[in-house]
Amino acid sequence: MGNPPSRDASLPDHVGAALGAAAGDIARRAGASRSIARIVEPNTLPTVVLEERRLIHREESVRRQADAFREIRTRLLALGGDQNFITMVAPISPRSGGSFVARNLAAAFAFDEAKTALLIDCNLRHPSQHVELRVDTTNGGLIDYLDHPSLGVEKILYHTGIPRLRLIPSGREREIGGEYFSSFRMRAMLDSLRSRYSDRYIFLDGPAAKDSPDARILADLVDFVVLVAGSGRDTPSAIQKVVANFDPSKLAGIVLNELP
Ligand SMILES: Nc1ncnc2c1ncn2[C@@H]1O[C@H](COP(=O)(O)OP(=O)(O)O)[C@@H](O)[C@H]1O
Ligand SMILES: [Mg+2]
């Protein structure tokens, strides 16, 4: 992973001055949009809390991880062209860090002030995002909405404390997700969430691909699939077997996650 480009000290003065002015302008604009963000999202979490919750942020201490997620973001944006898209992130086997990657990848998209990110917890048997993000799910989540669309989808879109990142928790726990994920309602919900805001990028946190057909069923609903292998957990042949279940044109890549 490379370092971000730094200002070249050997630049001619007038170029340096122009860059300096541009930087000042960006800083002013960033300042203005930060104050707008504060009004819209009053409970923005401080860095120390983000770090405690193992979420990337802008400070130096997590730079290596943040850069890794930015790199995946760049790759997806290159594949997606100029349209917003839906990505499913699923671990090969459970506890490989699929949810960790889905959450931080969504946060990396939300870092960009021109984008918003929506994370949807689609692991119905072992939902974790509302716990990790400390979201109080009083209005229910995905399953409650799919059972009763008259609830309105706005009710299940929760703030996370990270500007521009929203969560749809899974809601009531269910053993089987397939029937929900292959339903017309699920597809209609995703289509409407995606098309309502062209700057909204959607991430589905999927269940382990090795264990159940759910991840594969979810893959039918998305533009891109990112699989997560926990380092030292799955053999290359096990990974290969899982990969073979997915449409190669959707498979954006496999993240090799170093588990703590
Ligand atoms: N790279 C990582 N750094 C720090 N913690 C991690 C990392 N990957 C996973 N974890 C932690 O390990 C646990 C299992 O990860 P999780 O994302 O829930 O796995 P999965 O969704 O694949 O079942 C979680 O507590 C998660 O926060
Ligand atoms: Mg998970």
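The values are calculated or read from the model by the stated rules, or taken from the named source; none is laboratory data. Just so it is clear, the model here is predicted, and its values are computed rather than measured. Here the Cβ positions follow ideal geometry from the backbone for every residue, glycine too, while neighbour counts run over all protein chains shown.
Checked against (1) surrounded by fewer than 23 Cβ atoms within 10 Å (Cβ to Cβ); (2) within 11 Å of ligand 2 (Cβ to nearest atom), Ser96 passes all but a single condition, namely (1).
Note on region 97-113: residues that are within 13 Å of ligand 1 (Cβ to nearest atom) and assigned to a loop (DSSP other than H, G, I, E, B) total 1.
Does Ala188 satisfy being assigned by TED's automatic domain parsing to the domain that holds Met88, modelled with pLDDT of 95 or more and more than 24 Å from Leu79 (Cβ to Cβ)? For Ala188, the condition - assigned by TED's automatic domain parsing to the domain that holds Met88, modelled with pLDDT of 95 or more and more than 24 Å from Leu79 (Cβ to Cβ) - is met. Within region 187-205, not a single residue is in contact (Cβ under 8 Å) with a residue 40 or more places away in the chain, touching an Asp or Glu at 6+ places or on another chain (Cβ under 7 Å), of a type in the set (S, T, N, Q) and part of a loop (DSSP other than H, G, I, E, B).
The set of residues in region 72-96 that are under 24 Å from Glu52 (Cβ atoms) and more than 9 Å from ligand 1 (Cβ to nearest atom) comprises Ile72, Arg73. Taking the criterion of being more than 16 Å from ligand 1 (Cβ to nearest atom), in contact (Cβ under 8 Å) with a residue 40 or more places away in the chain and surrounded by 12 or more Cβ atoms within 10 Å (Cβ to Cβ), the residues of region 173-184 that qualify are Arg174, Ile176, Tyr180, Phe181. Considering region 99-114, the residues that are without any contact (Cβ under 8 Å) to a residue 60 or more places away in the chain and within 16 Å of ligand 2 (Cβ to nearest atom) include one that is nearest to Ala68 (Cα to Cα), namely Asn104. List every residue pair whose Cβ atoms sit under 7 Å apart, with the two residues 6 or more apart in sequence or on different chains, where the first one lies in region 211-226 and is over 16 Å from His126 (Cβ atoms) and the second, anywhere, is among the acidic types (Asp, Glu). Taking only residues 6 or more apart or on different chains, the pairs are Ala219/Asp247.
Somewhere in region 150-172, is a residue closer than 27 Å to Asp234 by Cβ, within 16 Å of ligand 2 (Cβ to nearest atom), in the same structural domain as Tyr201 (by TED's automatic domain parsing) and surrounded by fewer than 16 Cβ atoms within 10 Å (Cβ to Cβ)? Taking every residue of region 150-172 in turn, none turns out to be closer than 27 Å to Asp234 by Cβ, within 16 Å of ligand 2 (Cβ to nearest atom), in the same structural domain as Tyr201 (by TED's automatic domain parsing) and surrounded by fewer than 16 Cβ atoms within 10 Å (Cβ to Cβ). The set of residues in region 227-260 that are touching a residue at least 24 places away in the same chain (Cβ under 8 Å), assigned to a loop (DSSP other than H, G, I, E, B) and either within 16 Å of ligand 1 (Cβ to nearest atom) or out of contact with any strand residue (DSSP E or B) (no Cβ under 7 Å at 6 or more places or on another chain) (or both) comprises Ser231, Gly232, Arg233, Asp234, Asn245, Asp247, Glu258, Leu259.
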